[in-house]
1. Here's a check for you: in region 297-345, which residue that is of a type in the set (D, E, K, R) and at pLDDT below 90 is farthest from the chain's Cα centre (by Cα)?
2. Considering only residues that are open to solvent by 50 Å² or more (accessible area, probe 1.4 Å) and not in a loop (DSSP other than H, G, I, E, B), look in region 305-316 and name the one that is nearest to LEU360 (Cα to Cα).
3. Output the qualifying pairs, or none if there are none: Cβ atoms under 6 angstrom, residues six or more apart or on different chains, first residue in region 354-371 and closer than 25 Å to GLU241 by Cβ and open to solvent by less than 30 Å² (accessible area, probe 1.4 Å), second residue hydrophobic (A, V, I, L, M, F, W, C) and not in a loop (DSSP other than H, G, I, E, B).
4. So, of the residues in region 189-204 that are part of a helix (DSSP H, G or I), surrounded by 13 or more Cβ atoms within 10 Å (Cβ to Cβ) and not small (Gly, Ala, Ser), which turns out to be modelled with the lowest pLDDT?
5. Exactly one of (1) more than 29 Å from LEU263 (Cβ to Cβ); (2) of a type in the set (S, T, N, Q); (3) at pLDDT below 75 is unmet by GLN231. Its number?
6. Looking at region 328-352, I want the residues that are part of a loop (DSSP other than H, G, I, E, B) and have a partner that is among the aromatic types (Phe, Trp, Tyr) with Cβ atoms under 6 Å, at least 6 apart or on another chain. Which pairs are those?
7. I need the full set of residues from region 6-28 which are part of a loop (DSSP other than H, G, I, E, B) and surrounded by 20 or more Cβ atoms within 10 Å (Cβ to Cβ), in order please.
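The values are calculated or read from the model by the stated rules, or taken from the named source; none is laboratory data. Note that the structure is predicted; figures quoted are calculated from it, not measured. Cβ placement follows ideal geometry from the backbone for every residue including glycine, while neighbour counts extend to all protein chains displayed. The accessibility values were calculated without ligands, DNA or RNA, using every heavy atom of the protein model including side chains. Shrake-Rupley method; radii C 1.70, N 1.55, O 1.52, S 1.80 Å.
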Amino acid sequence: MVKLMPGYVEDVAAWQARLEDLAAKGWFYVPSWIWFGFASFEWGTPKAVRYRLEPAAKKEKCPDWERRDTYRFLGWEYVDTIGKTMHLWRCDDPEAPELHTDPETEARAYDRLSRQERINKYLSWGILAVLVGLIAFTLYSSGETYLAHLVGSWLPLWYLAACVGFFWAVGKMARWQTRVLRRALRTMRAGVEAPRRRPYRLACFLTLVIDLLWVFYIVAVWCHGVHDGRQTFYQLKDIAEPVPYVAVSQNGEVVAGPQENWLTSEQWWTIEDYTEGRRYYRYSEARYYRLRFPSLADDLADSLLAEYGDEYAPTETEYPGLDEAWTGTAANGDQYLLLRLGDQVWSVEAETDAPLAELLPQYAAVLAEFR
């Protein structure tokens, strides 16, 4: 049987209290790997026992035989070494003396853990600095087009929540480990005997919450890996809900697919294509965005202009009922159209000789309808 334990074995008083309460109910700890805060227990006759955790002087799988014999003479039996960091001892004799009676001496036993905690803190800050640097480099290298790439990517709200929850859990775990260890050391170095028991239910609850966030993140990453980034398209005529669309060509088939992104409340990708023999041609491609935050609409339009500016050299034009309208032509004759109305942005590419500007009335009417 597995039972949930407080998050970190460095939370000595909470661990000892949890083990003793489970023993009083008939569940006794057995040597096992601690996975996500869960440890293995076996059933036995309920009785009052004492458990004590003692930091290892160095990373080791178990204490030496001399120490085991000495502690056994005092009434304490070796149980397990957790993470090569803490030795766990058990005593069934209520009259047996405590393992440590001098708080200052006990505090010195934690010196190695204290040094490791400081090293982990510096490593954590270093990793955070690297991550911030990578994000800054990515934004710098993408230039003004980063918003277009961010909005156009598959990034649903639940995936964002999983990532935020994951980083919160990592930060919480690091802070929690540091806090419980420093609290114990501060008490012992003050010459005060460390508490043998303290409430552990909150620690177990936090462990469970962090475990659930980890599972949520792992599932989200798996789903993101399964999603290969390619759109799922459907025949436009088979889609029940209204789709923003203006026909650029009267030939070929029209397909459309939704895109999930936490920055947009609605996003559609429509494609007109046709085939000649075995060859496939894409006639037009349009991306429609309805921003969840209207203030980003103008920024998205600017980002799309930066992305397509070199190829199409779009110029601004005015049209009644639109906040912004841009048209451009590539060297090979392809057309580009960018429209904005309120929180809606529409980007259109087409392989046509006819100016897309002639379709501005239809695009304006559709945007007004969907507004």
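1. We begin by selecting, within region 297-345, every residue of a type in the set (D, E, K, R); these are 298-299, 302, 307, 310-311, 316, 318, 323-324, 334, 340, 343.
Narrowing the set further to residues that are at pLDDT below 90 leaves 307, 310-311, 318, 334.
On the way: GLU307: 29, ASP310: 35, GLU311: 36, GLU318: 43, ASP334: 41 Å.
Selected residue: GLU318.
2. Taking region 305-316 and keeping what is open to solvent by 50 Å² or more (accessible area, probe 1.4 Å), we get 307, 310-311, 313, 315-316.
Imposing the further condition that a residue be not in a loop (DSSP other than H, G, I, E, B) reduces the set to 307, 310-311, 315-316.
Numbers: GLU307: 22, ASP310: 23, GLU311: 21, THR315: 14, GLU316: 13 Å.
So, considering only residues that are open to solvent by 50 Å² or more (accessible area, probe 1.4 Å) and not in a loop (DSSP other than H, G, I, E, B), the one nearest to LEU360 (Cα to Cα) is GLU316.
3. Partner pairs satisfying both residue conditions: TYR363/LEU339; LEU367/LEU341.
4. Step by step, filter region 189-204, then rank; the result is ARG189.
5. Unmet for GLN231, out of (1) more than 29 Å from LEU263 (Cβ to Cβ); (2) of a type in the set (S, T, N, Q); (3) at pLDDT below 75: (1).
6. ALA330/TYR312; GLU351/TYR283
7. PRO6, GLY7, TYR8, VAL9, GLU10, ASP11
This table checks each residue for (1) in a helix (DSSP H, G or I); (2) at pLDDT 70 or above; (3) over 27 Å from LYS172 (Cα atoms); (4) open to solvent by 90 Å² or more (accessible area, probe 1.4 Å).
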site: GLU117; (1), (2), (3), (4): yes, yes, no, no
site: ASN120; (1), (2), (3), (4): yes, yes, no, no
site: LEU123; (1), (2), (3), (4): yes, yes, no, yes
site: ALA129; (1), (2), (3), (4): yes, yes, no, no
site: LEU147; (1), (2), (3), (4): yes, yes, yes, no
